[in-house]
Each structure stands twice: as structure tokens, then as C-alpha cells.
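These notes are about the structure you will find just below.
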Amino acid sequence: MRAHALTTAVTLCLAASLAAAAGAPSSARPESSRTVAEQPAPPVLVDCFWHPQIRPSAFMLACGDGNSRLTSLKWSQWGADSATAQGVNVVNDCKPYCAAGTFHSYAVSVRLDHPRSWKKRPQVRHYTRMTLVFTGARPDTYPPTVRYPLWD
């Protein structure tokens with residue numbers, strides 16, 4: 001009878017151990033068995049209206065007056081540390097003044113980097129710097145490479 005009680009106790013302990021292991025939280029699983037859905041979300045680009053965007057086709061640079069914007073953005077990479085695209089910077093020459101100015105288009109390479117936690121949503125990371133490299137003509141007053149801090 002003692003042997004039967006000991007066998008039953010060992011079997012119950014083994015069953016409890018297996019049940020506990022099967023119900024272990026996902027954080028206890030090795031990194032290699034985690035799903036794609038559990039990977040951290042990529043950083044976002046925050047627009048003028050405080051909307052997070054990933055791979056936008058257009059982006060307003062001059063939120064106050066709309067005199068500089070990016071269009072036709074084609075993203076070749078959007079990662080945890082940086083993002084790169086080709087596009088067009090459409091800029092108002094403001095001659096004789098901005099309301100009467102003419103918009104001109106300039107081909108650019110775009111790079112986003114320096115991701116940080118977004119103050120508005122700390123759980124979301126956003127790119128904090130944009131670099132434009134003019135690949136051909138550029139506005140008279142612009143250098144070949146322009147860096148913009150992005151809003152938080």
C-alpha cells in the first residue's frame with residue numbers, strides 16, 4: 001500500500017510540474033521561439049498633427065506655412081535605428097513674398113535616425129532627426145545637405 005501511495009504522489013508531482021511548465025509566460029520562452037508579433041515596433045515619424053506614421057508617401061516639413069514638404073517618398077529601408085527614402089522636396093521660393101511665391105521641386109535622399117521615446121506616448125519610439133541630401137539642383141539658399149531636428 002505504501003508503494004502505491006508513493007507512486008501516486010510522484011505521479012501527481014510530475015503532472016503538476018508539466019502543467020506549470022506548459023503554462024509558463026511567454027517571457028520565460030527562449031528568444032528564438034518568440035513570434036514576430038512580439039518584436040518591438042519600429043520607430044515612427046511624427047507629423048504636424050502629432051500622428052505617428054510609418055513609411056509615409058508625403059511629409060510636411062514646414063508645418064506653420066506649408067512652404068516646404070516632401071512628396072513621392074519611396075522607402076528602401078525602415079528599421080530600428082534609421083530609415084532611408086528617395087523623394088522630392090517641394091519648396092516655395094517666396095518671391096516676391098511667400099503668398100505670391102512659386103513652388104519648385106528638388107530630388108532628395110532622405111534619412112531618418114536618432115530614435116527616442118516619444119514624449120506624448122513614451123511606449124512609442126520616434127525618429128528625432130531628418131537629413132536631406134539634394135541629389136541634383138537645390139534651392140539657392142540651401143546647402144547640399146540639410147539636417148532637421150524632428151518635433152517631440
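With the requirement that a residue be at positive phi and either more than 11 Å from the chain's Cα centre (by Cα) or among the charged types (D, E, K, R) (or both), what does region 88-137 give you? Quick ask: steps written out before the conclusion?
Within region 88-137, the first condition is being at positive phi, and the residues that meet it are 94, 114.
Correct list: C94 only.
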| task | Filter region 106-124 down to residues that are free of Cβ contacts under 8 Å to residues at least 60 places away in the same chain and out of contact with any Ser or Thr (no Cβ under 8 Å at 6 or more places or on another chain) and give me whichever is nearest to S82 (Cα to Cα). | result | S117
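For the subset of region 111-146 comprising residues that are outside any loop (DSSP other than H, G, I, E, B) and aliphatic (A, V, I, L, M), which member is surrounded by the most Cβ atoms within 10 Å (Cβ to Cβ)? Before you say what the answer is, go through the steps one by one.
Residues of region 111-146 outside any loop (DSSP other than H, G, I, E, B): 111-117, 125-134, 145-146.
Applying the additional criterion that residues be aliphatic (A, V, I, L, M) yields 112, 130, 132-133, 146.
Values: L112: 25, M130: 20, L132: 23, V133: 14, V146: 17.
Only one residue tops the list, namely L112.
With the structure loaded, tell me whether T84 is loosely packed, with under 14 Cβ neighbours inside 10 Å and β-branched (V, I, T) or whether it fails that test. Please lay out each step first, then the result.
On the way: loosely packed, with under 14 Cβ neighbours inside 10 Å: no; β-branched (V, I, T): yes.
So T84 does not fit the description; no.
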| message | Checking P96 against (1) in contact with a helix residue (DSSP H, G or I) (Cβ under 9 Å, 6 or more places away or on another chain); (2) surrounded by fewer than 17 Cβ atoms within 10 Å (Cβ to Cβ); (3) not charged (D, E, K, R): exactly one of these is not met. Which one? | response | (1)
| Quick one: what pairs do we get from region 57-81, first residue part of a strand (DSSP E or B), second modelled with pLDDT of 95 or more and of a type in the set (F, W, Y), C-beta under 7 Å, 6+ apart or different chains? | R69/F59; L70/F59; L73/F59
| task | From (1) out of contact with any strand residue (DSSP E or B) (no Cβ under 7 Å at 6 or more places or on another chain); (2) assigned to a loop (DSSP other than H, G, I, E, B), pick out the condition that doesn't hold for A99. | result | (2)
| message | I'd like to know if region 103-110 contains one or more residues that are in a strand (DSSP E or B), aromatic (F, W, Y) and loosely packed, with under 14 Cβ neighbours inside 10 Å. | response | yes
| said: Please go through region 40-56 and give me each residue that is in contact with a Leu (Cβ under 8 Å, 6 or more places away or on another chain) and part of a strand (DSSP E or B), ordered by number. | reply: L45, V46, P52, Q53
| Within region 85-97, is even one residue farther than 18 Å from T145 by Cα and of a type in the set (A, V, I, L, M, F, W, C)? | yes
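The values are calculated or read from the model by the stated rules, or taken from the named source; none is laboratory data. The structure displayed is predicted, hence computed values, not measured ones. Methodologically, a virtual Cβ is constructed for each residue, glycine included, from the backbone with ideal geometry; neighbour enumeration extends over all protein chains shown.
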